[in-house]
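Read the structure below first, then the notes.
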Amino acid sequence: MADTIDTVKELARECGFSQTGPLDVSTVQVRTEVRDACAENKCGAYGTRWSCPPGCGTLEECEARLKKYKRGLILQTTGALEDALDGESMMEISQNHRRHLEDFGDKLRELFPEAMLLGAGACKRCEKCSYPDSPCRFPGKMLASMEAMGMVVSDVCKANGLPYYYGPNTMTYVGCVLVE
């Protein structure tokens, strides 16, 4: 069992994540208030993608998918900001995190096809998602967010002993992979 996590951790390091930490799935709580925030549609993805509510399933369905696993790894990409309002660097760090996740996911699925990979924000594999008219074009590559599953990301990090905040003028994006 340790071999699987060690392999995944090494792969994450190779794909460029800044930090990783163990994830005990029993610490994950799905919360309706996270889904309620999704429904406010501030990001514009609600009801437009298979990776986001309601396309990703009910909160109960998401929780059932998560609970099939016991362990995994938290994946973080941290970068520096010039100041707290440095939107350009925030976007760059976000794009780096997405590239790390996509690269990691492609390699991970070769080794562990049953793994569940979750990211930050809506899936952007396709320029326009097929939701709701047709099934996902690439279900094996879809990247749902931790929030879509109902997770409070900072709580998941804290419950598993990994910082979420790395100090002033930093930004951290978080994903996770469930493998066992």
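Here is the figure for region 5-35: residues that are surrounded by fewer than 19 Cβ atoms within 10 Å (Cβ to Cβ), within 25 Å of Tyr165 (Cα to Cα), β-branched (Val, Ile, Thr) and at pLDDT 95 or above total 4. Looking across region 129-174, the residues that are in a loop (DSSP other than H, G, I, E, B), modelled with pLDDT of 95 or more and either farther than 26 Å from Ser18 by Cβ or among the charged types (D, E, K, R) (or both) come down to Cys129, Ser130, Tyr131, Pro132, Asp133, Ser134, Pro135, Cys136, Arg137, Glu147.
Looking only at residues in region 80-119 that are surrounded by 18 or more Cβ atoms within 10 Å (Cβ to Cβ) and in contact with a Cys (Cβ under 7 Å, 6 or more places away or on another chain), the one that is nearest to Cys52 (Cα to Cα) is Leu118.
Yes or no: region 2-9 includes at least one residue that is part of a loop (DSSP other than H, G, I, E, B) and either over 21 Å from Ala148 (Cα atoms) or not polar (S, T, N, Q) (or both).
Within region 2-9, the subset part of a loop (DSSP other than H, G, I, E, B) is none.
So far as region 2-9 goes, no, none of its residues is part of a loop (DSSP other than H, G, I, E, B) and either over 21 Å from Ala148 (Cα atoms) or not polar (S, T, N, Q) (or both).
So, in region 126-143, of the ones that are out of contact with any strand residue (DSSP E or B) (no Cβ under 8 Å at 6 or more places or on another chain) and buried (at least 18 other Cβ atoms within 10 Å of the Cβ), which residue ends up nearest to Glu102 (Cα to Cα)? Selected residue: Met142. Scan region 36-68 for residues that are in contact (Cβ under 8 Å) with a residue 12 or more places away in the chain, outside any helix (DSSP H, G or I) and surrounded by 19 or more Cβ atoms within 10 Å (Cβ to Cβ) and jot them down. Hits for region 36-68 are Ala45, Arg49, Trp50, Ser51, Cys52, Pro53, Gly55, Cys56.
The values are calculated or read from the model by the stated rules, or taken from the named source; none is laboratory data. The structure presented is a predicted model; accordingly, all values stated were derived computationally and were not measured. Quick reminder, even Gly has a Cβ in these numbers, built from the backbone with ideal geometry, and neighbours come from all protein chains shown.
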